[in-house]
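Report on one structure; see the data block that follows.
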Amino acid sequence: MPQKQFFSQDPFLSLPVEIRHAILCEMSDVGALDTAIKADSSLQSVFLGSVSCILDRVLQNSVSAKHFPEILAIQASAHFDRKTWSRDKVSTIIDSYFQRQQASPIQWTLPDALYLNDLNRHIQYFVDEFATTTLSVHPASSEPFTYTPLSPVERCRIAGAFYRFELYCNLFREYGHGYKTASEPFSADEQKDIFLARFSPWEIEQLGCIHDYLVEKITPGFVDMAEHDVEWGKLTVPYDIEYVLELQPYLSNTLSLGLADIHRLVIATNYEERHQLLSGHETGIYNFLWDAMWIRRDNECDRCVYQKGKSSTDDPDPGPYNAWYWAHKDATDQDFAYTEEDKSLRRRGYVM
């Protein structure tokens, strides 16, 4: 009578460590990696022996290398709060970001990598939504329009603008400033000097496109809260979308929460879900992106404009510069970026 053969319940245990390591490094994203190491103890043991190395490889599988400067800066600023945020830390992160340098190899942790994996998921959602919003209506006739799917280069550029928006939120949102444990926040003028002025005007316009698009997406949910919430009513939070200047500080507060909360607000289906997200954020804030981009419009634009089309983000495609130049070739230097006159162009994502 033939003997019964017994096999290990763990199909990976018999494989050499190097093979298991290679399997983990080929995971499509950090979410898949997390599922794998939770499901198999032998894979988990290999992961625990080389956490940062494996996470670095898997992040490269799911995020474009062009976005790694933003990824590293976002990771460095992801844990800011009222006690840990400081001007010096922000300035160091910004300098490293623009120099495209790391002081030392980053030591990834699984929570940080999962945060970035989730952020990438939110951004891919918004890239698709942004394309639908900006391209599905013909710019001349305003009729429904079947557009050509985004090219990989276009997707990458739009995603990069969303990553820079998230970085801006991490660096400049309000962290309970005014308490003794917090540094004084940067004014809009200071934000221009240390951050925005280091981008070219067409890259500012890209941020403007993202800002205007997100304002349009969050306004219905914000207005629903302002119209129906008793506490917001006591604070006289405005809800008339015709009064843009009155609404802007409140919308800025909502935008400053970042893309994850904005995504949840956009897909929320009822008042209760919106209340859970927005409760506690009913005050207006200033010195956020909208204000900083307006103050950005001054003579200091000159130092960026005359780079002859050079992009601060190493984009070799001249398309965004050409589109910006076409729209501003007769403009004064005060009108080089984020003007009211170009709002309709930004709604079409003209520099993307």
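Read-outs: derived from the displayed coordinates by stated rules, not from any lab. Keep in mind that this is a model prediction, so the values were computed, not measured. We place every Cβ from the backbone using ideal geometry, glycine too, and count neighbours over all the protein chains shown.
Values as computed for the structure displayed
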| item | result |
| --- | --- |
| Under the Karplus curve 6.51 cos²θ - 1.76 cosθ + 1.60, θ = phi - 60°, whole-Hz ³J(HN,Hα) for the stretch 73-89, x wherever Gly or Pro sits | 5, 5, 4, 5, 10, 5, 9, 4, 8, 4, 8, 9, 5, 8, 4, 4, 5 |
| Distant-in-sequence amide H partners of residue 137 (H built 1.01 Å from N, under 5 Å) | 145 |
| Approximate spin-label separation residue 14-residue 48, in nm, with each point projected 7 Å along Cα-to-Cβ | 2.5 |
| Model label zone, residue 60; criterion: amide N under 14 Å from point 7 Å along Cα-to-beta-carbon; scope the stretch 13-27 | 22, 25-27 |
| Order by protection proxy (mean Cβ within 10 Å, highest first), peptides 249-262, 38-51, 194-207 | 194-207, 249-262, 38-51 |
| Highest to lowest packing among 143-153, 212-222, 69-79, scored as the average C-beta count within 10 Å | 69-79, 212-222, 143-153 |
| Efficiency of FRET between residue 269 and residue 143 - r from beta-carbon atoms, R0 25 angstrom, step 0.05 | 0.30 |
| Length released on extending from residue 26 to residue 184, taking residue separation times 0.36 nm less the Cα-Cα span | 52.4 nm |
| Counted charge near residue 30, where neighbours are those whose Cβ lies closer than 14 Å (Asp, Glu -1; Lys, Arg +1) | -3 |
